[in-house]
1. Using only Cα atoms, figure out Rg for segment 82-202 and give it as a multiple of 2.2 N^0.38 Å.
2. Could you state the accessible area per residue of segment 63-172 in Å², with a 1.4 Å probe and every protein chain left in place?
3. Taking every pair of Cα atoms in segment 128-178, average 1/r, invert it to obtain the Kirkwood radius, and report Rg/Rh to two decimals.
4. Given points 7 Å out from each Cα along the Cα-Cβ axis, report the K122 to T81 separation in nanometres with one decimal.
5. Principal axis lengths of segment 32-155 from Cα atoms, whole Å, largest first?
6. If you split all Cα-Cα distances of segment 145-202 into 5 Å bins from zero, what percentages do you get per bin, shortest first?
7. For segment 100-183, which whole-number percentage of the solvent-accessible area (1.4 Å probe, protein heavy atoms only) is attributable to carbon and sulfur atoms?
8. Under 5 Å between amide H atoms, partner at least 5 residues away or on a different chain: which partners does N145 have, H built in plane at 1.01 Å?
Amino acid sequence: MKRFFTCLIFSILFMQETTAQNSDARESDLPYYQIPEYPHTYTAGNVSARMIDALGFRYYWATEGLREEDLKFKPSEMARTTRETLDHIYGLSRLIVNAPDRKPNDGSKEKSELTFQQLREKTLQNFKRASDLLKSENGKDMEKNKIVYKRDENTTEYPFWNLINGPIADAIWHVGQVVSFRRSSGNPFNSKVSVFNGKLRK
């Protein structure tokens, strides 16, 4: 009987360790666990991509390990909850990727149907795709990377400059809010994250 319980305990510990390892593997499969290596040349596309990489890295760690109570938190009745803030950042990520992807924004929404994990994954993937596009041929002619809004027969265009001071800067702003909110809800940002170096401190 004693041997049985010993085996049972070892089995439980092994399963817990395996589950934790699988969870860590899934996390590290997402973009921006750490910031990518920087390009060797300075071009408009590469510099713009690096700004988005920095945003992606900050978003990854701002949203890592968020609990249900964190997602429901808001600092006042007039403010957004953390989840609503993340919904907004997701919308911004779609604007950010559509410009270098040279696709119009049609106002369609899908955020309400997404779980938090799906929302986080899609947002990170949008940042990564936008960065990759800007490092590719699409980053060589920045004038073509416009923000395009299309509603019915009406089309409105804005230059890439507006993407920088609009959605990109706005997303960075809101990621900072998420960091502040999670601290207030008792689940602070990982202190080992170095945003300067773009990786975890050892």
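The values are calculated or read from the model by the stated rules, or taken from the named source; none is laboratory data. A quick note: this is a predicted structure, and the numbers were derived from the prediction, not measured. Virtual Cβ from ideal backbone geometry, glycine too; neighbours counted across all protein chains shown. These area figures cover heavy atoms from the full protein model, side chains too; ligands, DNA and RNA do not enter into them. Shrake-Rupley method; radii C 1.70, N 1.55, O 1.52, S 1.80 Å.
1. Compared with the compact-globule rule of thumb, segment 82-202 sits at 1.17.
2. Value for segment 63-172: 57 Å² per residue.
3. 1.05
4. Reported label-point gap for K122 and T81 is 1.8 nm.
5. That gives 44, 42, 23 Å along the principal axes, largest extent first.
6. Binned Cα distances yield the sequence 4, 14, 13, 16, 15, 11, 10, 9, 6, 2, 0.
7. 48
8. So N145 has HN proximity to no qualifying residue.
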